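The values are calculated or read from the model by the stated rules, or taken from the named source; none is laboratory data. Everything numeric here is computed off the predicted structure, so don't read it as measured data. Positions of Cβ are backbone-derived with ideal geometry, glycine not excepted, and every protein chain shown enters the neighbour counts. These accessible areas exclude ligands, DNA and RNA; they are computed on the full protein's heavy atoms, side chains included. Shrake-Rupley method; radii C 1.70, N 1.55, O 1.52, S 1.80 Å.
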Amino acid sequence: MKPRHTPRPVPSQPSRLHSTAAQVYDLLDPPLWLVTSVHGETRGGLIATFATRASIVGEMPRMVLGVAKQHHTWGLIQAARRFSLHLLFPDQIDLVWRFGLHSGKEADKFADMELGFTPAGNPLVPHTLAWLDCLVEEEMDTGDRSVYLAAVESAGTNGEAQPLTLRRLFADAPEGRRRQLDELYARDGEIDATAILRWREQRHRP
């Protein structure tokens, strides 16, 4: 019997690859995660690039989180090695504007906000759908980001609902806010591209 031959995928040309990858990403509708952290007297928060479950072991819940290095909250996580993740109710889009459109280097995003603390001492944004308290166990440098593998140490929920997702955000955002998001995405993309290219060059140096 002849061995079965498994066709190898043909690499796409760059322009085709980009458009096809974008189509793949458009099939996804990930939930938005609000990240908070604190180190000393300094606190910060942002809307994560990505966060996802990283274990199916019920007794050992874990998450993976990616945070770009230019963000204020990245420095806090680097120093504290802890962070909290919050899922938002669909109508909490204002929290995206508060934590996603401005830098914590310029202003305190928690100003004038009712605030609690998680068991680990991270800022706890009240009335969100759910939260997870996380301890960094491992970190990977990807050039543009730090990717954290973290153990979930405590958690809480405030009901049952479908969380606010990326698709819902863009569907409900006013035109002006969508324009801001697009501009920030483009700006951060340029920063990330430079960092990724530098990282790749350094890795391949003899």
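Among the residues of the range 136-171, write down those that are under 15 Å from residue 82 (Cα atoms), among the small types (Gly, Ala, Ser) and touching a Lys or Arg at 6+ places or on another chain (Cβ under 9 Å).
Scanning the range 136-171 gives 146, 150, 151.
Please enumerate the residues belonging to the range 143-166 that are touching a helix residue (DSSP H, G or I) at 6+ places or on another chain (Cβ under 9 Å) and either part of a loop (DSSP other than H, G, I, E, B) or among the aliphatic types (A, V, I, L, M) (or both).
Result: 143, 144, 162, 164.
Among the residues of the range 19-43, which ones are open to solvent by less than 40 Å² (accessible area, probe 1.4 Å) and either free of Cβ contacts under 8 Å to residues at least 60 places away in the same chain or in contact with an Asp or Glu (Cβ under 7 Å, 6 or more places away or on another chain) (or both)?
Hits for the range 19-43 are 21, 33, 35.
Would you please list the contacts, defined by Cβ atoms under 6 Å and residues six or more apart or on different chains, that run from a residue in the range 91-113 that is open to solvent by less than 40 Å² (accessible area, probe 1.4 Å) to a residue that is in a loop (DSSP other than H, G, I, E, B) and aliphatic (A, V, I, L, M)?
These pairs meet every condition: 95/88.
Name the residue, out of 154, 103, that is modelled with pLDDT under 95 and among the hydroxyl-bearing types (Ser, Thr, Tyr).
103
Which of the residues belonging to the range 87-119 are touching an Asp or Glu at 6+ places or on another chain (Cβ under 8 Å) and within 14 Å of residue 46 (Cα to Cα)?
93
Return the pair list, or none, for Cβ contacts closer than 6 Å from residues in the range 183-206 that are free of Cβ contacts under 8 Å to residues at least 60 places away in the same chain to residues that are in a helix (DSSP H, G or I) and open to solvent by 70 Å² or more (accessible area, probe 1.4 Å), at least 6 apart or on different chains.
Filtered contacts from the range 183-206: no entries.
Of the residues that make up the range 133-142, is at least one assigned to a loop (DSSP other than H, G, I, E, B), closer than 21 Å to residue 53 by Cα and out of contact with any strand residue (DSSP E or B) (no Cβ under 7 Å at 6 or more places or on another chain)?
yes
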